[in-house]
Structures are given as C-alpha cells and as structure tokens.
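The values are calculated or read from the model by the stated rules, or taken from the named source; none is laboratory data. Bear in mind the structure is a predicted one, so any value in this text is a computation, not a measurement. Every residue, glycine as well, gets a Cβ built from its backbone with ideal geometry; the counts of neighbours run over all protein chains shown. Remember, those area values only see protein heavy atoms, side chains included, never the ligands or the DNA or RNA. Shrake-Rupley method; radii C 1.70, N 1.55, O 1.52, S 1.80 Å.
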Amino acid sequence: MTRAHRLTPADARRVAVRAQLLTAPRPTDVLDVARHLAVLQPDPTSAVAPSADVVLWSRIGVGYDPRELQDLVDGQRLVHLRGFLRPAEDVALFRAEMAAWDVTARPGVREWLADNSAARDDVLDLLRADGPLPAAAIPDTCARPWRSSGWNDGRNVRMLLDVLVARGDVAVAGTEGREKLWDLAERVYPPAPAVPLDEARRERDARRLRALGVARPRAPERPGEPDDVGDAGEPAVVDGVRGEWRVDPALLDGSAPDGSALGGSAHRAALLSPLDRLVMDRRRLTELFAFDYQLEMYKPAARRRWGYWAMPVLVGDQLVGKLDATADVRAGVLHVAALHLDVDLTAAERAEVEQEVADLATWLELDLVDRR
C-alpha cells in the first residue's frame with residue numbers, strides 16, 4: 001500500500017493551482033489547454049464574457065482569441081457531451097455507458113422512450129436527411145408527453161434529444177448563436193471503439209485528477225462532471241482537514257503536470273470565471289482555500305454581497321477576493337464596480353491584480369471604467 005503523502009493546506013493549494021495551469025509561464029495552445037483541463041463549461045452567461053472563454057483567457061492571457069475555441073468546436077476537435085465541451089477523443093471513454101443505457105437508465109425513462117419509439121425514429125430520420133438542426137426545427141411527435149414537477153414538464157423534444165444523447169444516437173454538432181445544433185452522433189463523434197466501462201471510468205478519474213491536482217476520492221454527486229477521482233493518483237492527507245485525499249504525484253516532484261510544457265511553477269495573479277473548476281467544488285474551496293464564495297446571479301440585487309457575476313481573484317496560491325465587473329459591449333466599456341478583498345495585499349500583489357483587470361479590458365477590447 002502506498003503511504004499517504006502529507007500536505008499542508010498551502011502545499012495542497014499549490015498543487016491545485018498548478019494543475020489548473022494558473023501559474024507562470026502561461027500555456028499558449030487552446031487545444032492543449034482544453035485537453036489538459038478535460039472539460040470546459042459552455043455556459044451562455046456573458047456578464048463579462050462566456051465562461052469557457054474566461055477560463056481560457058485566465059490561462060493563456062490577452063493572446064487568447066475566442067475564435068480559436070469556436071473553430072475547435074466547429075471542426076469537432078472539441079465536442080459537447082454531458083453539459084461540457086470535451087476533447088473529441090474522450091468520447092471513447094463514454095461509449096460503454098452509452099451502449100449500456102437500455103440496461104442502466106431509470107425504468108421510468110426507459111418506459112417513456114419505449115412509448116415514444118416512433119418519435120425517436122422521426123428524430124433520427126429527420127437528422128439523417130437534414131441535420132444538423134436546432135431543436136426548434138424538430139417536430140414534436142411524442143405519443144406520451146414528458147411529465148415532471150420541474151421546468152422540463154412538457155418539453156418533449158428537448159428531453160427526447162437528451163435521452164438520445166445518453167444512448168449515443170445523437171450529439172450536439174455545434175451552435176448557431178445560443179442555439180445548439182443537433183445531428184446524428186456518428187457524424188459528430190470520432191469513430192473510436194468503446195473503452196471497456198471499468199477502464200474508462202478509471203481513465204476519466206485519472207484525467208480529472210490531472211486537472212484538479214488534489215481531490216477527494218468520493219464527493220457528492222454532481223451532474224455532468226463529478227468532483228471526485230476514485231482511486232486515481234496516490235493517497236494524501238491535508239493537515240487540519242479531515243478525511244482522505246488523492247493527489248497527482250507528478251505535481252509533487254517539480255515536473256510539469258503531464259510531462260509536457262504546459263505547466264509552470266511561478267505564482268501569478270488571475271481573475272477567474274465563477275464556473276472555473278478551481279472554485280466549482282465548494283467543499284474543497286472551503287477546506288483548502290478557506291474562501292467564502294457563491295455565484296450570486298440568481299439572488300435579488302439587494303441580497304448580493306459581491307456582485308451578479310463576481311470573479312474570484314487568485315494571487316499565487318490564495319484566493320484573495322472577488323471582482324465585481326460587467327462588460328457593456330454596446331457602450332464599449334468594462335465597468336468595474338468593486339474589488340472585494342478578503343485579505344490585505346502587498347503593493348506588488350495589488351499591482352498584479354490591477355494589471356489583470358487592465359488586461360481583461362484589453363482582451364475584451366473595451367475601455368476600462370473604474371467606479372471603485
């Protein structure tokens with residue numbers, strides 16, 4: 001049995017930050033970064049910029065061009081799957097689950113699809129002839145409507161498409177504005193054979209740990225992309241934090257995260273998307289970074305402490321505050337309403353953060369309007 005690595009919280013933070021490519025020197029290649037991070041969340045919220053673009057900008061810097069990401073999606077080098085953009089080659093790690101859907105799906109969903117088998121055939125025939133298509137162009141021929149107590153009630157076509165994605169029949173082929181375009185999966189995903197289920201899960205855990213650096217072996221279930229890593233890596237304990245962790249040992253010996261030139265070691269400042277993987281696991285965020293944070297876009301304005309889409313601020317291995325900023329593209333300005341600092345910064349650290357704010361405006365090609 002491998003002896004558990006003993007980490008201080010600062011050690012664990014450094015591993016996590018380095019794994020997320022938030023050190024210097026910065027990486028430069030969009031596809032390499034996307035492959036290393038394993039997932040990018042294509043959330044359409046654009047208070048500053050779409051989240052996936054902010055994630056890439058915070059790694060690459062002002063040289064990042066969002067058209068590069070769009071080209072990778074249009075060229076199907078990155079594909080939509082389970083709510084995230086993923087490297088197309090990673091689809092092979094999900095094919096076994098797709099093939100087993102008829103056995104593993106909830107009985108009620110299986111019965112709903114069986115009752116709507118004709119509608120399923122209609123969708124596949126239409127996409128085969130005319131795809132890719134937006135959901136609005138797909139007629140609802142379901143014999144039995146989808147019923148739920150939530151907002152999906154009656155959204156038959158959308159739910160049918162989701163089921164067909166889970167089965168590996170259809171896939172998101174791209175986007176048109178904010179609308180997803182749907183097509184046959186065989187025309188979107190690369191024709192790689194399925195990786196056996198247990199092997200695929202181990203490999204997904206390993207890739208997730210490579211991107212997170214340090215994570216819990218088990219965590220509460222979250223749709224799309226879990227926060228835990230199973231038995232990947234090696235065991236670790238973090239001083240002052242209960243329970244077991246798993247750590248990528250490559251990040252403990254001074255090498256780059258995956259043996260490539262992606263990883264750096266020098267600390268720097270960064271402004272993060274609220275949906276950044278460094279901050280999405282709120283439990284880990286509290287245990288390792290002692291950082292109090294919530295995405296407040298769903299709160300009434302009067303109840304927000306930090307702002308609608310406040311960006312976590314990273315300096316070195318510490319999350320030090322939140323930037324309340326909003327991009328007004330029509331007016332050509334980036335409004336900065338507040339910088340909420342949780343700790344005192346040195347003059348040099350403050351200058352690094354201010355430079356990141358200026359770089360954000362430069363990247364967005366907007367004038368900076370500072371209302372602090």
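Taking the chain as the reference, fit the longest principal axis to its C-alpha atoms, fit the long axis of helix 117-130 to the helix C-alpha atoms, and give the angle between the two in degrees, 0 to 90, nearest 10. For 117-130 against the chain, the angle is about 70 degrees. With axes computed from alpha carbons, what is the tilt in degrees of helix 51-60 against the longest principal axis of the chain, rounded to the nearest 10 within 0 to 90? Between the helix axis and the principal axis of the chain, the angle is about 40 degrees. Heavy-atom accessible surface of the chain, averaged per residue, reaches 47 Å², computed with a 1.4 Å probe. Please go through the range 286-372 and write out the GluC sites (Glu not before Pro) that DSSP classes as loop and that have at most 16 other C-beta atoms within 10 Å. Answer in residue order: Glu365.
Applying 0.36 nm per residue to the separation of Arg67 and Arg158 and subtracting their alpha-carbon distance, the gain on full extension is 30.0 nm. Charging the Cβ of each Asp and Glu at -1 and of each Lys and Arg at +1, and nothing else, the dipole of the range 31-83 about its Cα centre rounds to 180 debye. For trypsin sites (Lys or Arg not before Pro), the sites in the range 265-342 that DSSP calls loop and that have at most 16 other Cβ atoms within 10 Å are Arg304, Arg305, Arg330.
Net charge dipole, the range 111-229: roughly 520 debye, given to the nearest 20, about the Cα centre with Cβ charges of +1 for Lys and Arg and -1 for Asp and Glu.
What does the C-alpha gyration tensor say about the overall shape of the range 1-102? Classify as rounded when a/c is under 1.5, otherwise prolate if a/b is larger than b/c, or oblate. Oblate, because a/c is 1.5 or more while a/b does not exceed b/c. When a/c reaches 1.5 or more, the comparison of a/b and b/c decides; with that in mind, is the range 174-219 rounded, prolate or oblate per its Cα gyration tensor? It is oblate, given that a/c is not under 1.5 and a/b is not larger than b/c. Taking the charge dipole of the chain about its Cα centre, with +1 at Lys and Arg Cβ atoms and -1 at Asp and Glu Cβ atoms, the residue from Thr23, Val188, Thr8 reaching farthest to the positive side is Thr8.
By the helix-only formula, in which each DSSP H run with n ≥ 4 contributes -39500 (n - 2.57) and the sum is divided by residues, the chain has a 222 nm mean residue ellipticity of -10000 deg cm²/dmol. What longest region of the chain stays clear of chymotrypsin sites (Phe, Trp or Tyr not before Pro) that DSSP places outside H, G, I, E and B and that have at most 15 other Cβ atoms within 10 Å? The segment 1-150 is the longest one with no such site.
Against the compact-protein benchmark of 2.2 N^0.38 Å, the Cα-based radius of gyration of the range 65-207 scales to 1.07. For the chain, a crude dipole built from +1 on the beta carbon of Lys and Arg and -1 on the beta carbon of Asp and Glu, taken about the Cα centre, is about 920 debye to the nearest 20.
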